[in-house]
Amino acid sequence: LQKRSIVCVQELANEPMLICKAGYEPPVVELFRRSNSHLNVKYVVNNFATALNMVQEGLAIGVMSELSLLSLPPNVVTRELQPDAYRDIQIAVSSLADTSIAVKLFIETALDLFTQK
């Protein structure tokens, strides 16, 4: 898998996987479900840094967000997944009318950038 630029989820069916509970678990489980592939969970951790260290030690493979992969330990490589994985992020305010201009601009920008048209 390390030699490939893209890895299909089905190719991970028999690999020992680790799941990071810090909000990453539901999209990974859903990705494997959508791909009709078996998720072979060997480890469950609560912290992405712990997960990366376990990957570095060769204990398992992890499917993690790009943001958690900005600082990789030595000998850990990332690969693009096929199909693409994603997770939904929600924005909540108590009252849009009472929010600051900065919050309104943030919401407007987020909608402009991420709303599918």
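The values are calculated or read from the model by the stated rules, or taken from the named source; none is laboratory data. Everything numeric in this text was worked out from a predicted model, so none of it was measured. With ideal geometry, Cβ positions are generated from the backbone for all residues, glycine too; neighbour counts draw on all protein chains shown. Each accessible area value is taken on the protein alone, full model and side chains, heavy atoms only, with ligands, DNA and RNA left out. Shrake-Rupley method; radii C 1.70, N 1.55, O 1.52, S 1.80 Å.
Among the candidates L72, L81, the residue that is open to solvent by less than 80 Å² (accessible area, probe 1.4 Å), in a loop (DSSP other than H, G, I, E, B) and either free of Cβ contacts under 8 Å to residues at least 12 places away in the same chain or closer than 21 Å to G23 by Cβ (or both) is uniquely L72. Selection over the stretch 53-78 of residues that are at pLDDT 90 or above, aliphatic (A, V, I, L, M) and under 13 Å from the mean Cα position of the chain (by Cα) gives a count of 2. Going by what's in this entry, would A60 be described as open to solvent by less than 70 Å² (accessible area, probe 1.4 Å) and among the aliphatic types (A, V, I, L, M)? Against the criterion (open to solvent by less than 70 Å² (accessible area, probe 1.4 Å) and among the aliphatic types (A, V, I, L, M)), A60 qualifies. The set of residues in the stretch 92-117 being open to solvent by less than 100 Å² (accessible area, probe 1.4 Å) and either in contact with a strand residue (DSSP E or B) (Cβ under 6 Å, 6 or more places away or on another chain) or among the charged types (D, E, K, R) (or both) consists of K104, D112. Restricted to the stretch 1-48, the set of strands (runs of 3 or more DSSP E) holding at least 1 residues that are in contact with a Phe, Trp or Tyr (Cβ under 6 Å, 6 or more places away or on another chain) and buried (at least 16 other Cβ atoms within 10 Å of the Cβ) comprises 17-20.
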